[in-house]
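Step one of this worksheet: look at the structure below.
The values are calculated or read from the model by the stated rules, or taken from the named source; none is laboratory data. What you see is a predicted model, and the numbers here were worked out from it, not measured in a lab. All Cβ positions, even for glycine, are placed from backbone atoms using ideal geometry, and neighbour counts span all protein chains on display. Just so you know, the surface numbers come from the protein's heavy atoms only, side chains and all, with ligands and any DNA or RNA stripped out. Shrake-Rupley method; radii C 1.70, N 1.55, O 1.52, S 1.80 Å.
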Amino acid sequence: MTYDLVIRGGQVCDGTGASSFVADIAVRDGRIVAIGDVGPADAVEVIDADGLWVTPGFIDIHTHYDAQLHFEPTASPSSWHGTTTVFIGNCGFTFAPAKPDDLPWLLQMLSRVEGMSPEALREAVTFPGGSFADYLSGFEGQIGVNVGANVGHCALRRFVMGDAASERTATDAEIAQMQELLRDALAEGAIGFTSSQLELHQAHDGRPVPSNLAEPDELVALASVLAEYDFGSIEFIPKTFLEGYSAQDRDLIVRLWRASGKPIHLNTLTLLPQAPDGWKRSLDFATEALAQEGAHIHPMFASNHQGVHFALASTFLFDEYLTLRSALTSPPAARDAILRSPDFRAALRVELADVTNKSFTFNPQILRVEVVHEPEHARYVGMTVAEMAEDMGCDPLDAFLDVSLAEELRTQFVQAARPDKNRLDAIEELIRSGIITAGASDAGAHLLSFCGVDYTTRLLTEWVPHVLSFEQAVSRLSMVPARLHGLDDRGVIKVGAAADLNVIDRTRLATSPPRYVTDFPANNGRFVIDAEGYVATVVNGTVMMEEGTHTGALPGHVLRGAGAPTS
């Protein structure tokens, strides 16, 4: 018997949560064709997995690799952490479908709300505008991982309403046009629909992102389109996610479920000092909705660490503070003059002091300088803003703004979450719940703010075995997200399934602290997190990553509809 790949003698963790077992795995034409004692066999490639673990490839349901995959096909650093399938187009932010004249606006919006370099997007994104099918065709044969693409609400609104999408509610006729556009996108390969209504999300022009202006009936009308299909899901971030969803948002989420009959994926739950019981009320809501009417409502838990990096030139973190948001979205010359104004700074101090229902706070005692660009500021690296202010002989806010202005707002800061038993206890309860899904990477976005791709590795190392068994943790990263998104042939190791696999040395499995690299177009940088212990990552039967290094292979598929690949 001849095979393309045989993985011999590994401890197979099949993704179902069942006990692991030792077996060979044989692969032909991108599929698993035998599990057990394969015996003597010819194989193009053999991996000796004796003493190693073999798992399904991991599935990340919440990424923003929409742009990056055009110029970096491995979806790094997610693929360094065992991820073989990524879902893009989350939070309502996509640039397809798009009229060619609208594409620059959509790219600028994406740059602002998702923390991506506008120069890198202009230089590297090859999509010229067009239908969703046109967009997906750009990935054919060009990607190392599998990709499932959602269609975003903002693109639909912009396509139908033009600039008015950022100004007003939609008419009935416009909603009907959006429904038809969504229907077309789903027929052309979109796997679901996404939207968000966070006030935090403001476009590059200072206006709300288009989806923020949608009335509930518009969202429900779009959700109803998914009822016409036997696949799909909805990802949605409601306005009041911090406090555990208001009564209005709860009603809207349930209406989305009723209209679509599809799983509703919600934002990450975590304990925030400003809303310490918000996560618990969100969990209780999802639990009650399932018990009362079978509604599949799935927020995410965060097994990654919650530190945040940012520079004022590209951050959205302060957009809840209207005074600073207005300044940062002004043209550069006006922006810098505003930031230097004593009156502005006095007003900003008052605003920053009110942290009610804010997701980010300015805390000079823990906010540290991470990267500087001017030699005279080198001594500040590693200092807190409070320490830097003492060295400069001024107020912490003045120090923060003055150094940033001297570096064209490119100074990088980091604010790490303090160790907190209450937060860890909340995460443990969320992990133990079968309703809450693994996620929170936001991979491909907030490149200078946050890198959460290590959630896979951290779940397997920091929450095993005291909360989950290794087998259970693997299932949460593979079979569970696959089933919730209709990917019946992925996320498990079984005969006939797609051969998306990881070969793991658990004795070496680990992550590293975030590090800053300059490896993106237009000489732009990002934060990445390294991984150890991933001996090989296999996508559709081909080894795509080997000990953290891309082999050069591009075996990824575009997953359409219920998961059928395009090839």
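Summary of computed values
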quantity	calculated
Separation between Cα centres of the stretch 445-477 and the stretch 245-284, rounded to whole Å	22 Å
Helical mean residue ellipticity (222 nm; -39500 (n - 2.57) per DSSP H run of 4+; nearest 500) of the chain	-9000 deg cm²/dmol
Tail beyond 22 Å, pair distance distribution of the stretch 146-245 (Cα, percent)	28 percent
Per residue, in Å², the accessible surface of the chain once ligands and nucleic acids are set aside, probe 1.4 Å	36 Å²
Packing-based order for 237-244, 288-295, 469-476, using average beta carbon neighbours within 10 Å, highest first	469-476, 237-244, 288-295
Shape of the stretch 310-377, Cα gyration tensor, a/c cut at 1.5	oblate
Cβ charges +1 (Lys, Arg) and -1 (Asp, Glu), total dipole of the stretch 107-186, debye	140 debye
Segments 376-386, 153-163 sorted - mean Cβ within 10 Å per residue, highest first	153-163, 376-386
DSSP bridge orientation in the stretch 120-259 - percent antiparallel, rounded to nearest 5	10 percent
Lysines whose Cα lies under 30 Å from that of Lys262, excluding same-chain neighbours fewer than 8 positions away	Lys99, Lys239, Lys280, Lys494
Nearest 10 degrees, 0 to 90: helix 172-188 Cα axis against the chain principal axis	40 degrees
Amide H contacts under 5 Å for Ala34, placed H, 5+ residues apart	Ala26
Orientation-averaged projected area, Cα convex hull of the stretch 1-106 (nm²)	9.4 nm²
Prolate/oblate/rounded call for the stretch 440-544, Cα gyration tensor, a/c under 1.5 rounded	prolate
Contact order normalised by residue count of the stretch 54-120, Cα under 8 Å, 6+ apart, percent	32 percent
Relative contact order (%) - the stretch 9-147, alpha-carbon pairs under 8 angstrom, separation at least six	22 percent
Histogram of C-alpha separations across the stretch 209-309, 5 Å bin width, %	2, 12, 22, 23, 19, 12, 6, 2, 0
Whether the stretch 377-523 is rounded, prolate or oblate, judged on the alpha carbon gyration tensor where a/c under 1.5 counts as rounded	prolate
Contact order relative to length of the chain, as percent, for alpha carbon pairs under 8 angstrom and 6 or more apart	21 percent
Antiparallel bridges, percent of DSSP beta bridges restricted to the chain (to nearest 5)	55 percent
Most to least packed among 527-540, 83-96, 426-439 [average Cβ atoms within 10 Å]	83-96, 527-540, 426-439
Beta bridges by DSSP in the stretch 1-108, antiparallel share as percent, to the nearest 5	50 percent
Net dipole in debye of the chain [+1 Lys, Arg Cβ; -1 Asp, Glu Cβ; about Cα centre; nearest 20]	600 debye
Cβ-based charge dipole, the chain, positive-most Cα from Pro208, Ala133, Val147	Pro208
Calculated from backbone phi, Karplus (6.51, -1.76, 1.60) coupling profile of the stretch 62-79 in Hz, x at Gly/Pro	9, 10, 10, 7, 3, 8, 4, 5, 6, 10, 9, x, 8, 6, 6, x, 4, 5
Rounded to 10°, Cα long-axis angle of helix 278-293 versus longest principal axis of the chain	50 degrees
The stretch 13-171 - charge dipole about Cα centre, Lys and Arg +1 at Cβ, Asp and Glu -1, debye rounded to 20	760 debye
Separation between Cα centres of the stretch 490-557 and the stretch 29-108, rounded to whole Å	9 Å
Whole-percent carbon and sulfur share, accessible surface of the chain, 1.4 Å	51 percent
Rg over Rh [alpha-carbon atoms, Kirkwood Rh] for the chain	0.96
Residue-by-residue Karplus 3J(HN,Hα) for the stretch 399-413, coefficients 6.51, -1.76, 1.60, Hz, glycine and proline x	4, 4, 6, 5, 5, 4, 5, 5, 10, 6, 6, 9, 4, 8, 10
